Structure formats: C-alpha cells, structure tokens
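Rule-based calculations on the coordinates, nothing more; no lab input. What you see is a predicted model; the values in this text were computed from it and never measured. Quick reminder, even Gly has a Cβ in these numbers, built from the backbone with ideal geometry, and neighbours come from all protein chains shown.
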Amino acid sequence: GAGVSQSPSNKVTEKGKDVELRCDPISGHTALYWYRQSLGQGLEFLIYFQGNSAPDKSGLPSDRFSAERTGGSVSTLTIQRTQQEDSAVYLCASSLALGGLGNEKLFFGSGTQLSVL
Amino acid sequence: ILNVEQSPQSLHVQEGDSTNFTCSFPSSNFYALHWYRWETAKSPEALFVMTLNGDEKKKGRISATLNTKEGYSYLYIKGSQPEDSATYLCALNPRTGNQFYFGTGTSLTVIP
C-alpha cells in the first residue's frame, strides 16, 4: 500500500488478556517506530527498529510489552496481561532511515485505539 | 529524556486570523526539529523538518522558523481556515539517540 497500515483500528479487550497490534510500514522504509498516546498525554516513545533490530527498548513501559519486526517489514507490538492503564492510541511510524541519518520525516499510521475494560 | 514544550496548549481563532505557536526545547544538540499536523481521525502528517539555526520553511499559508541558540521554533499560520483545525506537534530528534521526543501539541480550532 501507499501508506503505513495499522491493524486493528480499534481493539476492546478485558483486563488480563493479551493483545497483538500490527504495523505494516511503507515498503523500503528501514526505520520503524512505535509510540502511544494516553488520554490527555503527549506521544510517548515505546521502541524503534532499524531493520529487524531494536537497539533501544528502554521506552517499553514494562516487561508485559514486547515488539518484533520480521523481514525488515511488518512489526507487531504485543501486550501481555493487559491492564487498564494500557488503554491508549498506539501509533506506528516509518521512515526511510533513522532520524539522524538524513533527517527523514516520519510517516504515521492511523493508529490502534486500545481499550482495556 | 528531553522535555519538549509547546504553547499554548489550545487555541481558538476566527477564520481569517493569523496565529502562531511555540515549541521550546532544552538542547541545541540535535539532528532535526520536526512539525506535524494531526487532524482528528487521521494520521499525523509531516509539515516541516528543520535542521539549521535560522531555518525558515514555508508550505502554503504555513511557515516555521528555528532558533537553535535560544531553543525554540515558531509555527505561523496566515489567514487561518477551518481546515487548519488540528493538533500541531513538534518533535526533536537528538544526537544522543535515534528516537523522537514529541511535545504535547497545540490544539487549534478555527471558527468559521
């Protein structure tokens, strides 16, 4: 597709369940980022990938969060044993290269609205 | 963690008014300062990528300036239109890492 695609667009789950969020970046984009926005808050960095590698996982809020990227393309963000505080919009963005390597702008998906009941 | 601040938090202007808002940041040690527009129910969209002190960028009625020495960027909208209503985000890409630090945004509402 022409843009960054995220699925599902909305996810309602019960506390304690696992969820998997998917991001399909623009073809050829080597850098991929995950952010989330909780109600009333700014965009919070979660993790980035350069190719399939995630050098900096410090933004993941807890060990219930994990992410992977395969084939330098699709990425999945998995949240285990979801809690109510995980409710947020989860945004994925991709760029041709990492930010410092050419000052490439980010292309965002439309996000996944996660609601944990 | 870099604290990127935006002001005001929200703004209501009449159609035709010009407006501006601010992004401030504590460091001049960065690769780029980005501006994004995020309309409701859509994806954030890049407006500008700015790298050098004194940079000025323009896209239609929207322009931005960058002052790295004093740590701020201004976004200007000339003759605001209802379709300009959105949240405007700035983001800093520091040299100390590869992530982007986003401000909390300025929510602009243009009243017809």
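Summary: within chain A, the longest segment free of trypsin sites (Lys or Arg not before Pro) located in DSSP loops with at most 15 other C-beta atoms within 10 Å is A:18-56. Every Cα-Cα pair in the protein assembly as shown was counted, and those over 27 Å apart are 34% of them.
The per residue volume of the convex hull around the alpha-carbon atoms of region A:1-81 is 105 Å³.
Taken along its principal axes, the alpha carbon cloud of chain B reaches lengths of 43, 28, 20 Å, longest axis first.
Using C-alpha pairs under 8 Å with a sequence gap of at least 6, the mean separation divided by the residue count of chain B gives a relative contact order of 38 percent. Quick one: which of A:Lys15/A:Lys57; A:Lys11/A:Lys57; B:Lys57/B:Lys78; A:Lys105/B:Lys69; A:Lys17/B:Lys42; A:Lys57/B:Lys42 span more than 21 angstrom between C-alpha atoms? Cα-Cα > 21 Å for A:Lys15/A:Lys57; A:Lys11/A:Lys57; A:Lys105/B:Lys69; A:Lys17/B:Lys42; A:Lys57/B:Lys42; rest within.
Distance between the C-alpha centres of region A:57-114 and region A:1-51: 4 Å, rounded to the whole angstrom. Applied to region B:65-72, the Karplus parametrisation 6.51 cos²θ - 1.76 cosθ + 1.60 on θ = phi - 60° returns per-residue 3J(HN,Hα) values of 10, 9, 10, 7, 5, 9, x, 8 Hz, with x for Gly and Pro.
Each of A:Thr13 and B:Asn3 was given a label point 7 Å from its Cα along the Cα-to-Cβ line. The distance between the two points is 3.4 nm.
The 3J(HN,Hα) values that the Karplus relation (6.51, -1.76, 1.60; θ = phi - 60°) gives for region A:103-117 are, in residue order, 6, 6, 6, 8, 10, 9, x, 8, x, 10, 8, 9, 10, 10, 8 Hz. Gly and Pro appear as x. For chain B, a crude dipole built from +1 on the beta carbon of Lys and Arg and -1 on the beta carbon of Asp and Glu, taken about the Cα centre, is about 280 debye to the nearest 20.
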